[in-house]
Amino acid sequence: MPFTHLEIKQQKAMSIILLFAMLVAVYFAGTWFVIIVAKVGLIFLCPEWVVSTATYSVIPGRTGNLWIFGAALIGGLIHWLVSTNNLLPRISLLLGATPPDKDDTYHQRFKNIVEELSVAAGGRKIDCAVIPTTAVNSFSLADFHGHALIGVTEGLLARLTRRQIEAVAAHEAGHIISGDCLTSTVSCSLFGMYAAAFQYITTGIEGSVDNAVDFQDERKYGEQSSAGIFIPLYVILVGCAIGITAFLSMIINTLISRQKEYRADALSVELTRDPLSLAEALRIISGSWCGAGQGIENLDSVFIANPAYEEADEREGFIPDLLSTHPPMSKRISLLLGMAHAGIHALDNCQKRDLPSETGKPAAITAPRWFVSKDGAWLGPFDINGLISLSWFSPDTWIKVENEDRVKLAFEDIDIAAWFNKGNLTPLKCPSCGLALVNERYEGAPVYTCAHQHGFLVDKNHLMRIIARKDIIFAPEVLKLADTVVANPEQARAMAMSSESIKNKMLCPKCGNKMDRRCYSMAYPVLVDVCKSCNTLWFEKYEMELLQILIEKNESCDRKS
């Protein structure tokens, strides 16, 4: 493992030279093969001309090989320059990674961790990003301009504790410090990125963010156009492109040693002094879905765990070392436990220990209500939204809490004072009752809620965060409703679909356009109002909680099976 800056630079330079040499070799072999095939084809197409040419040879001679090498060198150089230009933004876009949301508590916690690691790594600037998927994984990227990026998935942020996230981020920082990250990033950019893009197109993935909601697509039920006859040919061509680029990506990946993961694990321990937390994180990651099926498998070398499970990853020897960029997870965990002087039983309780502040908060909370004094009479009771909507209400208004006799000024009440100070009322109106919506956080994600608990207004891009997180304690009535849906899924689906047609379309609180009321998906018959114009969703009372419970129950069944 390199320890000096000079050794790191030498290793990076050698890896980059080898990558470029292999790229030129691939172009040379490809060009050479095409020429051989073309010459063999001429023998069958123009045998008389071939016989009349005394110097005709299928195998290129010295001069021919020099021309082929020159063409391969030029082709490889062009490929290199195109693939490594604007490297980080292109791969981040393909992964669906976005910068942390400043209004999301989970994202801000992760951003703070990366900033702390930047200081620990000698002050190097490291950016961070989040992939909106429930998969549990992390990645790191670097380019030739000194830019570096550490990214995680929403699933990882939801499943791991702060200490475990620190250990994972330190592992990715270890790749950046050692120079391994640059090699992996460039390797992905040469062929892996194109293979992933082709697969992305073929599977019809519209992006990780768009996968947050699995609504029925009306176009599936429309009439087929005449262009449909060309779909098989298109799929065949793209399939061939995927196969070729994936094969070339595998060849390039042979230069990426499994040792880089051991080296990054060791650097993580050096930065955090906490090998047990990294072992716990790897244990959780190894037992979770890492992202298979999302078109990112060909970028596996930049991730802490292979998105697609491969048997070669859990084996040792010459062939697994050649074919896999990740060492056996069990061995990595064993080495970390050895550093921590702990046994395998230390991982038995590696679940969440430091949940965010919303842990234990019921999904449905009975909000307090107040009477207010006006012209010698008591009016009410009002909830907080109703109070502040009164034009004459001020901090000096006399109030008393419902079911209490004590009279006090409004600013003396803790809840009312907090509302005056935060000013989190918005101009958006609840589509059910018409009162102002409140800007709050639900499991750390920013949402708009109705003070009368009529529902939640959620940005579609934020929904995956809520689904991935499991911090809310649900009300008994919602749990009972979920059990009914699970016990009678067909009946629940039929009732939900019949409700779609009889429900009057409500207006979107953000843009004012009509929202479509539909099932979240065929698998989860929960009604939700969708605004296609501004990409927002309205969940009425208990709909959000019901959807979360159904998804968690489904995940629990998948793990048991």
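The values are calculated or read from the model by the stated rules, or taken from the named source; none is laboratory data. Because the structure is a prediction, the values reported are computed rather than measured. Ideal geometry is used to build each Cβ from the backbone, glycine not excepted, and the neighbour counts take in all protein chains shown.
In table form, for the structure just shown:
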read-out: In the range 468-485, the residues that are at pLDDT 85 or above and outside any loop (DSSP other than H, G, I, E, B); value: Ala468, Pro476, Glu477, Val478, Leu479, Lys480, Leu481, Ala482, Asp483, Thr484, Val485
read-out: Test: residue in the range 513-535 that is in a strand (DSSP E or B) and within 17 Å of Phe474 (Cβ to Cβ); value: no
read-out: Top-ranked residue of the range 46-104 - restricted to ones that are of a type in the set (Asp, Glu) and in a loop (DSSP other than H, G, I, E, B), ranked as modelled with the lowest pLDDT; value: Asp103
read-out: Yes/no for Asp127 being acidic (Asp, Glu) and surrounded by 16 or more Cβ atoms within 10 Å (Cβ to Cβ); value: yes
read-out: Among the residues listed as Leu73, Leu93, Leu157, Leu117, the single one being out of contact with any strand residue (DSSP E or B) (no Cβ under 6 Å at 6 or more places or on another chain) and assigned by TED's automatic domain parsing to the domain that holds Ile36; value: Leu73
read-out: Residues (under 19 Å from the mean Cα position of the chain (by Cα), more than 18 Å from Asp459 (Cα to Cα) and among the charged types (D, E, K, R)) located in the range 99-140; value: Arg109, Lys111, Asp127
read-out: Selection count, the range 360-389, where residues are hydrophobic (A, V, I, L, M, F, W, C), surrounded by fewer than 17 Cβ atoms within 10 Å (Cβ to Cβ) and at pLDDT 80 or above; value: 3
read-out: Among (1) more than 22 Å from Asp104 (Cβ to Cβ); (2) surrounded by fewer than 18 Cβ atoms within 10 Å (Cβ to Cβ); (3) modelled with pLDDT of 85 or more - the single one Gln491 does not satisfy; value: (3)
